[in-house]
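Please treat every number below as a calculation from the coordinates, not as lab data. The shown structure was predicted, so the numbers you read here are calculated from the model rather than taken from an experiment. Here the Cβ is made from the backbone with ideal geometry for all residues, glycine too, and neighbour counts use every protein chain on show.
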Amino acid sequence: MNLFGGYMGEPRVFEIETLTGIGWLHYYQNGPGDTNSWSTRLGLNLNFNLGEEKAWTFGIKPAIVYDMQGDFSKTKSRFNANNATFELTAGLTYHFICSNGSHHFTTVKPYDPVEVGELNDAVNRLRSQLSDKDMQLSNAVQQANNLQKELADCRTQAAT
């Protein structure tokens, strides 16, 4: 839905997602052994985002799962209803709070690289000025200490 409707900064109350994928099937059988096969899955995720913060999602997920090692010599296609099963899954998901403080992805403000470079240059200039001021302050403190020492020496000489 975000592809066609755009992302609004928070999830919609109802969202549809398409799903395709490949996987591995394992058939448990009574008898001499089990069967393995590879599969293709085509389906939808129908998500209902619940609550004011949309921290909960109730999902219904219908799909068709094709056994890709089906009898090709009979059907001439692996994507055949004789090699497929229908799957319906439902679940409730809680989304924990992310580092951004919300329960979902939030949009960020894109920054201009030129502006970022100018800001970095300004910060570096301010750091350089601060370093110069620290050096001037250190020199002034050293000079004040030297003058106090000379004054103390002068006072002790006058008394003698």
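Overview of results
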| read-out | value |
| --- | --- |
| Of A152, L92, V108, farthest towards positive along the dipole that unit charges on Lys, Arg, Asp, Glu beta carbons give the chain | L92 |
| For the chain: Kirkwood Rh in Å [reciprocal of mean 1/r, alpha carbons] | 23.7 |
| Proximal aspartates and glutamates to K54, defined as alpha-carbon separation beneath 15 angstrom and excluding residues fewer than eight positions away on the same chain | E10, E15 |
| Relative contact order computed over the chain (Cα-Cα under 8 Å; 6+ residues apart), in percent | 16 |
| Debye log10 I(q)/I(0) at q = 0.11, 0.14, 0.22 Å⁻¹ for the range 4-93, Cα point scatterers | -0.47, -0.66, -1.06 |
| Built amide H within the under 5 Å cut-off of H104, gap 5+ | C98 |
| On Cα atoms only, tilt of 113-159 relative to the major axis of the chain in degrees | 30 |
| Within the chain, helix-based [θ] at 222 nm, where runs of 4 or more DSSP H residues each add -39,500 (n - 2.57), nearest 500 | -11500 deg cm²/dmol |
